[in-house]
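Below is one structure, written out as structure tokens; comments come after it.
The values are calculated or read from the model by the stated rules, or taken from the named source; none is laboratory data. Just so it is clear, the structure is predicted and the values come from calculations on it, not from any experiment. Neighbour counts are summed over all protein chains in view; Cβ atoms, including those assigned to glycine, are modelled from backbone coordinates with ideal geometry. When the accessible area is computed, the model is the full protein with side chains, heavy atoms only, and any ligands, DNA or RNA have been set aside. Shrake-Rupley method; radii C 1.70, N 1.55, O 1.52, S 1.80 Å.
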Amino acid sequence: MRPELALTVDAAATGLFLTLPPLPYGLGLTPVRGAALGVSALAIGLLPAWARRLYGLPGLPATDLITSANARVLGRMLSAIPIEWISPLRRDAIRRISS
């Protein structure tokens with residue numbers, strides 16, 4: 001399947017939309033935009049190198065190492081959120097995994 005993959009106009013438009021999502025009025029130049037870009041950068045970094053090349057995205061020699069470290073930090077930060085603040089569906093999923 002991989003040899004058949006290609007960057008199409010639709011794929012590029014989707015990537016741009018996910019990287020720079022439209023935000024409600026007044027949130028465009030706030031920390032929310034920075035958070036959205038951080039999540040997008042992490043998602044791009046988690047792509048395999050061949051997929052980043054397919055999209056023409058940068059990949060430095062340390063990209064995989066830095067992305068792995070960032071994903072671990074994000075995972076720890078998310079696991080520190082009190083369970084009372086988590087949606088009921090996610091709370092149920094966490095309980096199922098933990099048992």
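Observations, loosely collected:
- Accessible surface ranking that places the most exposed of Ile97, Ile44 first, with a 1.4 angstrom probe: Ile97, Ile44
- (i) 28, 20, 15; (ii) 23, 17, 12; (iii) 72, 21, 5, with the label sought being that of the calculated semi-axes √(5λ) of the Cα gyration tensor in Å: (i)
- Protein accessible area in the chain, 1.4 Å probe - carbon and sulfur %: 70
- Structure-based [θ]222 nm, the chain - -39500 (n - 2.57) summed over DSSP H runs of at least 4, per residue, nearest 500: -19000 deg cm²/dmol
- Evaluated over the Cα positions of segment 1-56, the convex hull gives a direction-averaged projected area, one quarter of its surface, of 4.4 nm².
- Placing unit charges on the Cβ atoms of the charged side chains and taking the dipole of the chain about its Cα centre, the candidate lying farthest along the positive direction among Tyr55, Tyr25, Ile81 is Ile81.
- Charge dipole (Cα centre; +1 on Lys/Arg Cβ, -1 on Asp/Glu Cβ; no other charges) of segment 15-99 amounts to roughly 140 debye.
- FRET efficiency for Asp92 and Tyr25, using Cβ-Cβ distance with R0 set to 41 Å, rounded to 0.05: 0.75
- A Förster radius of 25 Å, combined with the Cβ-Cβ distance separating Leu18 from Arg52, puts the computed FRET efficiency at roughly 0.95.
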